[in-house]
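The structure appears right after this line, and notes come after that.
What follows is calculated from the coordinates using simple rules that are stated; it is not laboratory data. Worth saying up front: this structure is predicted, and the values here are computed from it rather than measured. Glycine also receives a Cβ, built like all others from the backbone with ideal geometry; neighbour counts cover every protein chain displayed.
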């Protein structure tokens, strides 16, 4: 049996849709938002529904054989995983944004609020800008409005949330999609089953 970790939240609908198209009818997951473990004996599959940021740890340490997680999480956290497939779902961008009219092209230092401290620090360091990082877990858009930060580094899909908060995208750091990741031991021990799953996902992505 393969154990697959899926990300709850904005990505779950796309994950379930992709699996269903690939021949794994798991749509009942969407009907029970409180349940964390789903068993599918006929599919020889067990599915965990967990926080996106926790998926790499579950897979790396073998609690799950494989998982689906956004590239933003993989870039921020350094894990030892196989990443055999870009699934092309969950498309968005990691951007620098600030209040309308803010200019930082000549700024040598600033304060940035973000859920991605490592990526943010590396990005501004590469531009020669000294950035003080404020780590937040939610409501990042509020930070520059109330003076907590000069800019934010966050994900955006349509830019609608930024516009509603009078923020403008300044630069794109990375284009983000969801990736299929695999535990290194599982890839050897359950090679046939995992490769079959990867093959089916490739056909429908």
Just want to confirm a number: the relative contact order over the chain, from Cα pairs under 8 angstrom separated by 6+ residues, in percent. 29 percent
Most fluctuating of 127, 93, 135 in the GNM of the chain (C-alpha, under 10 Å) is 127
Going by C-beta contacts inside 10 Å, put 195, 108 in order with the fewest on the left. 108, 195
Within the chain, helix-based [θ] at 222 nm, where runs of 4 or more DSSP H residues each add -39,500 (n - 2.57), nearest 500: -8000 deg cm²/dmol
What is the order of 82, 116, fewest Cβ neighbours within 10 Å to most? 82, 116
GNM flexibility winner over the chain from 142, 119, 167 (Cα, springs under 10 Å): 142
Test of understanding: in a Gaussian network model of the chain with alpha carbons linked when under 10 Å, which of 52, 41, 84 would top the mean-square fluctuation ranking? 41
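Can you tell me, using C-alpha contacts under 8 Å and at least 6 residues apart, the relative contact order of the range 92-175 as a whole percent?
Taking the mean separation of contacting Cα pairs over the length of the range 92-175, I get 49 percent.
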Percentage, to the nearest whole number, of Cα pairs in the range 64-137 over 14 Å apart: 68 percent
Crossing angle, helix 191-204 versus the chain [Cα axis fit, 0-90 degrees, rounded to tens]: 60 degrees
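Give me the percent of Cα-Cα pairs in the range 26-70 that sit more than 13 Å apart, rounded to a whole number.
Values: 579 of 990 pairs.
When every Cα pair of the range 26-70 is considered, 58 percent fall beyond 13 Å.
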The distance between the Cα centres of the range 59-119 and the range 128-170, in whole Å, is 14 Å
By how many degrees, 0 to 90 and rounded to 10, does the Cα axis of helix 117-126 deviate from the longest principal axis of the chain? 50 degrees
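Expressed as cubic angstrom per residue, what is the convex hull volume of the alpha carbon set of the range 92-175?
Working: hull volume 6.8 nm³, N = 84.
For the range 92-175, the hull spanned by Cα atoms encloses 81 Å³ per residue.
From the Cα gyration tensor of the chain, with a ≥ b ≥ c the square roots of its eigenvalues, which class applies: rounded if a/c is under 1.5, or else prolate if a/b is larger than b/c, or else oblate?
Details: a/c = 2.59, a/b = 2.06, b/c = 1.26.
Verdict is prolate for the chain.
For 4, 170, 30, 87, what ranking results if the residue with the fewest other Cβ atoms within 10 Å of its Cβ goes first? Kindly include the intermediate steps, with their values, before the conclusion.
On the way: 4 26, 170 16, 30 12, 87 19.
So the residues, fewest neighbours to most, are 30, 170, 87, 4.
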